[in-house]
Amino acid sequence: MGRSFHVDTDQVRQHASAVDDLTTRAGTAADSGRQVAGMDNAYGLLCRPIAGLLAGPQERCADSLEKAAQALRRIADDLHASADSYQRIDRAAASNLAKIGGQE
């Protein structure tokens, strides 16, 4: 008999939910980084000249976080879709086996 494996779709969905949470966090961090980068007074009056120096790096960081959030969103969506596919295929296989065995 061939090799087999088991996929626990509940665990896949649980992992997808964890990735969903990370997606939200990365998006929030990107938004926060952009907000701070646009504020001249974010570092106080004495440090205002430094704000201009930090704006570029903060924007690049916010852009990177946004790209990470987008990648995480794709991963979470793929995990949800994979769990759905495994479950759908498993049900179809069980139905076919039941038909062969005369149990339906």
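Things worth noting here:
- Evaluating Gly2 against the criteria (1) part of a helix (DSSP H, G or I); (2) free of Cβ contacts under 8 Å to residues at least 60 places away in the same chain leaves one unmet condition, (1).
- Evaluation of His6 against the conditions (1) modelled with pLDDT under 95; (2) surrounded by 12 or more Cβ atoms within 10 Å (Cβ to Cβ) shows that the sole unmet condition is (2).
- When Gly33, Gly27 are screened for being in a helix (DSSP H, G or I), touching a Cys at 6+ places or on another chain (Cβ under 7 Å) and at negative phi, only Gly33 passes.
- Test: residue in the stretch 83-101 that is among the charged types (D, E, K, R) and either modelled with pLDDT of 95 or more or not in a helix (DSSP H, G or I) (or both): yes
The values are calculated or read from the model by the stated rules, or taken from the named source; none is laboratory data. Since the structure is predicted, the reported quantities are computational estimates derived from the model, not experimental observations. Glycine also receives a Cβ, built like all others from the backbone with ideal geometry; neighbour counts cover every protein chain displayed.
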